[in-house]
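One structure is given here, and the rest of the page talks about it.
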Amino acid sequence: MEIVAAVTAGLLASIGVWLLLDRNLVRVVLGIVLLGNSINMAVLTAGRLDNRAAAFVSANGVPEFAGNPLPQALVLTAIVIGFSLFVFALAVLRRTWERHRSTATDRVTEVAEAPAPNLDEKTS
Amino acid sequence: MTSSPHLLLVAPLLLPLGTLVACLLTRASHRACAALSLLGAIGLMLVGLMLVVHAGRGDILVSQMGGWAAPYGITLVVDRLSAAMVAITGVIATATVLYAQARDSDPARGRDFHLLTHGLLVGVCGAFITGDVFNLYVWFEVLLVGSFALIALGGDKRRMAGTVVYVILNLIATLLFLLAAGLVYGSAGTLNMAELAALFAAGNVPPGVQAPLVLMLLAFSIKAALFPVFGWLPASYHVAWTPVSALFAGLLTKVGVYALIRLVTLLWPDAGLVHDVLLWVACATMLIGVLGAAAQTEVRRILSFHIVSQVGYMVLGLALATPLALAGAVFYLIHHIVVKANLFFIGGIAARMTGSERLPAMGGLYARAPWLALMFAIPALSLAGIPPLSGFWAKFVLVRAGLETGAWIAVGIALLTGIFTLLSMSKIWNEAFLKAHPQGADGHRKITGQAPAWWAAAGLAAITVAIGLGAGPVMDFATAAADQLASPRHYIDAVLGSGGR
């Protein structure tokens, strides 16, 4: 079971990295999402997947094959954070498109490297 | 061990969080929001100083969150280093919030700034006091979300371009950190730093834990902007609003440096392979950073490259791994945060007065604003390491530690970097202060309502002078902090109880 999950995580990560290396910002952001999800999967897998019973402690004691709840808690945290960051990245992407009318990484970063504009009253 | 003041330990988290909520509620009134923000920042500074007093007695303050004992729950740990970092965070927060009260063309920007700054401070303080690897990840994310919104504040074309670079590269760094934390748990079975350290100290290093730990060091190195992964910093810091870039310059890379110091001193207290690698990385960081600065002609871009170069000094102290070198690194951290934020402040004031931050378009400030020239000279000379300012003592201790361990090349590079730093600073001095303004006397702009900005810069300059003249007590504290770092046994005992698990 772990080997399937590990290979899937690796596959997702490689697709994510491939997208990250693209010159289009939309694909870069998608690459980060894929990379994030593959890492979530890796973290879950690191907690071992053999025991599948829900980890509920009842009056009868702990189930014999209780799954490891800790990585689940970690990944749940990471998913929530990752989702909010994805939404923020999309907002940045949209604003960048509005201001630059381009999503080419080179065109956008070139603007940050340009000499600083003179300060007028609006942009001090 | 005496009982820890639990409330004081959570105060660095609750105070900025409370201020954030208060600012959110008073968002309609700019003045109330700004006043509350300033109060909250001053409160954080006071809490930090109280922590310094408590931690200065030599105990490591520990609080188990929710009453769950150490390896199972999340532990907050404050030793001398953490306490000093929280205090200096409070100082910079106060100065930045004060600076942001200066009259600005866009009030909405100032209002959102206060909210987001306190959100960022929650994350920064959390990272300084947590004793749990995954919790550290969460605090990194908290400060990251705040910093994303802060750097995008205002959002013109140029700023969005810098934001894109900053967001993407920092997201990748935190993802690497998350992967590393998960894999450390997978092989060591614990995320508690003290328990990890105990495993390493007992000699039974879990198989397969080294690789994820190295990955974690890489993630911290990206955060700290070490060579060769510093590229995001000079590509983004210069586009942000002035108080934002000052806050980032002072605090953010230093969270990465702190995490490096914490992890390396806990897991590998004795010099070894990690320290050898870090030594070379530190040397390259110092030199490449300062050479990068030499090629720049804008105030904030020069200063951004100097952040990179200065981080190299701190990592040099960590890499040399003697108590004296660690003390130098701690002293350097304290001194650098104050000086660097102040240089960004003064750069911002100078840009407002001359109408540009491009050096060729600046000038004449020495004649027009001699006090500003003096205020620039203090942190600039301190950064370069001129006695008796704070930077001199920081560099002096590091160089001496380097000579004692026979790291001749590193000492040579550190001194060379100091000379280049002085050259860079004199470039800003000549161009912005001494030379006449290219448009003559008409080039200067009449600006009003800047008193808070001047107070913030003057306050930080005064602190720099005070650290320089009163270097003895600060260095004593740094030495004591380094002693705590050099013997992780105390940290482990304090967190796990003397029996361990």
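The values are calculated or read from the model by the stated rules, or taken from the named source; none is laboratory data. Because the structure is predicted, anything quoted here is derived from the model rather than measured. Note that each Cβ is placed from the backbone with ideal geometry, even for glycine, and that neighbours are counted across all protein chains shown. The area values use the complete protein model at the heavy-atom level, side chains included, leaving out ligands, DNA and RNA. Shrake-Rupley method; radii C 1.70, N 1.55, O 1.52, S 1.80 Å.
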task: State to the nearest 20 debye the size of the charge dipole of region A:52-119 about its Cα centre, where the only charges are +1 on K and R beta carbons and -1 on D and E beta carbons.
output: 220
query: Where the centre of each part is set by its Cα atoms, how far does region A:1-58 sit from region B:439-472, in angstrom?
result: 50
- prompt: Helix B:390-405 sits at what angle to the longest principal axis of chain B, using alpha carbons and giving 0 to 90 degrees rounded to 10?
  reply: 40
query: Once you wrap a convex hull around the alpha carbon atoms of region B:3-136, what is its projected area averaged over all directions, in nm²?
result: 8.1
query: So, with +1 on the Cβ of K and R and -1 on the Cβ of D and E, and no other charges, what is the size of the charge dipole of region B:6-488 about its Cα centre, to the nearest 20 debye?
result: 1420
message: At 1.4 Å probe radius, can you tell me the per residue accessible area of chain B in Å²?
response: 32
statement: Contact order relative to length for chain B, counting C-alpha pairs under 8 Å separated by 6 or more residues, stands in percent at 16
query: Which residue, A:47, A:16, A:36, tops the fluctuation ranking in a GNM of chain A built on C-alpha contacts under 10 Å?
result: A:47
message: For chain A, what does the relative contact order come out to in percent, with C-alpha contacts under 8 Å and a separation of six or more?
response: 22
- request: Would you work out which of B:322, B:447, A:61 lies farthest towards the positive end of the dipole of the protein assembly as shown, given +1 charges on the beta-carbon of Lys and Arg and -1 on that of Asp and Glu, about the Cα centre?
  value: B:447
message: Angle check, please: helix B:253-267 long axis (alpha carbons) against the longest principal axis of chain B (alpha carbons), in degrees 0 to 90, nearest 10.
response: 20
query: Which residue, chosen from B:154, B:219, B:122, occupies the Cα position most advanced towards the positive end of the dipole of the protein assembly as shown, where the dipole is computed from +1 (Lys, Arg) and -1 (Asp, Glu) charges on Cβ about the Cα centre?
result: B:154
field: the protein assembly as shown, dipole about Cα centre (Lys/Arg Cβ +1, Asp/Glu Cβ -1), debye to the nearest 20
entry: 1520
- prompt: Taking only C-alpha pairs under 8 Å that are 6+ residues apart, what is the relative contact order of region B:254-332 in percent?
  reply: 33
- request: Apply 1/(1 + (r/R0)^6) to the Cβ-Cβ distance of residue A:11 and residue B:28, taking R0 = 60 Å, and write down the FRET efficiency to the nearest 0.05.
  value: 0.75
field: Cα gyration tensor shape of region B:2-72, rounded if a/c is under 1.5, else prolate or oblate by comparing a/b with b/c
entry: oblate
message: Could you tell me the center-to-center distance, by alpha carbons, between region B:18-86 and region A:59-101 in angstrom?
response: 26
query: Counting only complete DSSP H runs, which helices of chain A cover 20 Å or more along their long axis at the Cα atoms and score a mean Kyte-Doolittle of 0.5 or above?
result: A:2-20, A:25-46, A:69-100
statement: Under the 7 Å Cα-to-Cβ spin-label approximation, residue A:106 and residue B:400 lie apart by a distance in nanometres of 5.3
query: What longest range of chain A stays clear of loop-exposed GluC sites (Glu not before Pro) (DSSP non-H/G/I/E/B, at most 11 other C-beta within 10 angstrom)?
result: A:1-63
message: Just to confirm the number: angle between the C-alpha axis of helix B:451-469 and the first principal axis of chain B, 0 to 90 degrees, nearest 10?
response: 50
- prompt: Which shape class applies to region A:1-94: rounded if a/c is under 1.5, otherwise prolate when a/b exceeds b/c and oblate if not, where a ≥ b ≥ c are the square roots of the Cα gyration tensor eigenvalues?
  reply: oblate
- request: Compute the Cα gyration tensor for region B:288-356, then decide on rounded, prolate or oblate, letting a ≥ b ≥ c be the square roots of its eigenvalues: rounded whenever a/c is under 1.5, prolate when a/b is larger than b/c in the other cases, and oblate in all that remain.
  value: oblate
query: D for region B:100-139, whole µm²/s, Stokes-Einstein with Kirkwood Rh over alpha-carbon pairs at 4 °C and 1.567 mPa s: what number?
result: 111
query: Among the chymotrypsin sites (Phe, Trp or Tyr not before Pro) within region B:49-123, which fall in a DSSP loop and have no more than 14 other Cβ atoms within 10 Å of their own Cβ?
result: B:68, B:72
query: How far apart, in nm, are the 7 Å Cα→Cβ label points at residue B:211 and residue B:295?
result: 3.5
message: How far apart, in nanometres, would the label points at residue B:426 and residue B:442 be if each is projected 7 angstrom from Cα along the Cα-to-Cβ direction?
response: 3.5
query: What's the Kirkwood radius of the protein assembly as shown in Å, using all Cα pairs?
result: 24.8
- request: Identify, among B:62, B:40, B:84, the residue whose Cα sits farthest towards the positive end of the charge dipole of region B:28-112, taking +1 on the Cβ of Lys and Arg and -1 on the Cβ of Asp and Glu, with the dipole about the Cα centre.
  value: B:40
